[in-house]
Amino acid sequence: MATLRRRKGGDPQPSQSNEEGEEKDVDHKVLKTKLNAKKKKKGCFHCINGCCWFIGVICSMWWFLLFLYKAMPSSIPQYVTEAITGPISDPPGVKLKKEGLIAKHPVVFVPGIVTGGLELWEGHECAEDLFRKRLWGGNFGQIYKRPLCWMEHMSLDNETGLDPPGIRVRRVPGLVAADYFAPGYFVWAVMIANLARIGYEDKNMYMASYDWRLSYQNTEIRDKTLSAMKSNIELMVATNDGNKAVIIPHSMGVLFFLHFMKWVEAPGPMGGGGGPDWCSKHIKAVMNIGGPFLGVPKAVSQLFSAEGKDVALARSVAPGLMDSELFGMQTLRYVMKMTRTWDSAMSMIPKGGDTIWGGLNWAPEEDYTCNTKKQTNNDNTHGAEYRGVEKIDSPLNHANYGRIISFGKDIAETYLSSNEKIDFKDKVKGGKVDLSNASHSDVWTEYQEMGLEGIEAVSDHKTYTASSLLDLFHYVAPKMMKRGDAHFSHGIADDLDDPKYNHYKHWSNPLESRLPNAPEMEIFSLYGVGLPTERSYVYKSSHSAECNIPFQIDTSADGGTKYSCLQDGVYTVDGDATVPVLSSGFMCAKGWRGKTRFNPSGIKTYNREYDHAPPANILDGRGTQSGDHVDMMGNFALIEDIIRVAAGATGKDLGGDRVYSDIFKWSEKINLEL
């Protein structure tokens, strides 16, 4: 029993030992937790300290380098740049100022389509905070913030071509309207800066901005834009010792100013009432930059399927993206709906029909080869000898450019007679497309009025030349063309003495109007060459969804080699990547050259081409020898020509024509009565 009691008495000892062990374990865990927390806290502070030190070092280095940059002589950054790129030539303004040139003739800039800023003056509830803020130009932030609201306000009324109810979008006035298209992307800024070098300022420089969405006559009806231009030119001439103005239109601004020259001399109320000698009294020269005098095929693809080569290529790389709910909208359908309300776009449909642009089996540029050896960088000197062409007698080098739209590569390439085409004009359009799908109910386009039978009739016609394109647009977009027919014409005048050509719808077509009676005035056509430029298209029908745009450029159509003029469904020809040489150069090369029925007073005309050379390196920006449609606004040779004329030089002083392309050869192939 004693033994048992001793054992029982000894029983608590293990229990006490376990309790002590558990207490030690708890203490150990607590201590370990505290140590881990300290380590974690120390590591966290170490990370924060490290990040702060890193940011501090970067900022200190940045401020130190900025201090050195501000403190060092201005010649040092130039020295570093020259060490990388080679000697930098003086900008044209600096160069010509050293030659003693000073401002003489007032200059007027006429911007083209899409390059001029537009701002909101009245809008719907979704845009109530945007009063006098830019909807077009600047950073385009509203496209991403409120895309449907933005498109609603950028669209015009589909019936009148004017403001929709409750919306007023107006041009931005002044030089800032088109100096930069977007931050860092210049349009007129480089030219303005160089003119300022020889003494120009806002008293003798004027930006004739306008709402480029409107038809040209509607800019006067709604905004009195043409009257404002007339008054400003008269004022600048009067306040600059009577020196006549030098007008510098760019892109569609060229057509806008053609319209102005007819308007200003025409009697009221249709015209400005300036009299038949107004241009002779007030204009020294018109220096047209990248002028689409005879239209552009690019306008055809934009109006027909809301795409060009770049958009079509994006479609092929990412199928469905451009038709998807990007930014909350069906992108291309909304683009088509919006742009088809812009009447100005119809002014750039090709003019002159098959006589100018070619027919089923011929075109002026039919011998053009696309394997031209291009200049490699800005170090090359301008000159025709640097644009050698290796002629290869191969079918790949021949394209039926006259077929501006062909449904299928085989149709684009094979010989066709007019009897092989199916007439679509008398085809009865099918029933309206079912819009029961809610996601598509608000994306109306005129294609929804056609039905499948009408769509098939268009593709069954096989191919369209410049003459039949107008019939095509009347069929697929009758509302758009009803407005267009009231403001524009695309033919060739039989008899310019016919009173019907006194109507403003003919004034922007150089083939249906006369130049002013101003024999001392000069007209220049300044344009880029050496870049592949869209000329005709291979299309395909797309019936994947009834609410989609039913026609697309067929990017699978390819010439087979890098030398082919057919790439990704687009036939290209020489030009500035937007306007073909034929459109930019023909009027000054032949249509207006000497005394013709389109130029009865014999105004002197000049073709000045700027052969494209890409930037030598990344520090060269967009280049100083670019022939691109917009980038050439920074071309030093172009700016120098303009400054010299503004300072008093003539076309003869510049050396007359400077041509690298085959424009004179192609012009001779065009059988136009002069």
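Readers should treat all values here as calculations from the given coordinates under stated rules, not as data from a laboratory. Values in this document were obtained by computation on a predicted structure and should not be read as measured data. Don't worry about glycine lacking a Cβ; one is built from the backbone with ideal geometry, like all the others, and counts go over all protein chains shown.
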Specify the inter-centroid distance of the stretch 469-525 and the stretch 116-136, based on alpha-carbon positions, in whole Å.
33 Å
Got a sec? Which residues in the stretch 224-247 would a label at E122 touch, if it sits 7 Å along Cα→Cβ and we count backbone N under 18 Å?
224-225
Calculate the FRET efficiency for Y415 and F64 from the Cβ-Cβ distance with a Förster distance of 60 Å, rounded to the nearest 0.05.
0.25
Cα shape, the stretch 569-674, gyration tensor, a/c 1.5 rule
oblate
Most packed first (mean Cβ within 10 Å per residue), the peptides 476-483, 593-600, 530-537 order as 530-537, 476-483, 593-600
Descending packing, highest mean Cβ count within 10 Å first, for 625-633, 659-667 is 625-633, 659-667
Excluding R340 itself, what net charge comes from residues whose Cβ is under 15 Å from its Cβ, given Lys and Arg +1 and Asp and Glu -1?
-2
Among I143, G161, A127 - extreme Cα towards positive end, dipole of the stretch 118-171, charges at beta-carbon:
I143
The stretch 118-171: C-alpha pair distances exceeding 12 Å, %:
60 percent
Dimensions (Å) - the stretch 117-276, Cα atoms, principal axes, largest first:
50, 41, 23
Theoretical gain in end-to-end length, K500 to N158 [0.36 nm per residue, Cα-Cα removed]:
120.5 nm
Using only alpha-carbon positions, what ratio does the radius of gyration of the stretch 482-618 give when scaled by 2.2 N^0.38 Å?
1.40
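Taking R0 as 41 Å, what FRET efficiency do you get between F140 and K595 from their Cβ-Cβ distance, rounded to the nearest 0.05?
The value I calculate is 0.30.
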Taking a label point 7 Å from the Cα of N240 along the Cα→Cβ vector, which residues of the stretch 257-283 have an amide N closer than 17 Å to it?
279-283
If each K or R counts +1 and each D or E counts -1, the residues other than G274 whose Cβ falls under 11 Å of its Cβ total 0
Give me the dipole magnitude in Debye, nearest 20, for the stretch 118-171 about the Cα centre, with unit charges on the beta carbon: positive for Lys and Arg, negative for Asp and Glu.
360 debye
Separation between Cα centres of the stretch 614-644 and the stretch 185-225, rounded to whole Å:
20 Å
Links that overshoot a 28 Å alpha carbon limit, given the list K482/K595; K595/K669; K244/K604; K351/K500:
K482/K595
With 0.36 nm assigned to each residue of separation and the Cα-Cα distance removed, D653 to S231 gains 148.9 nm
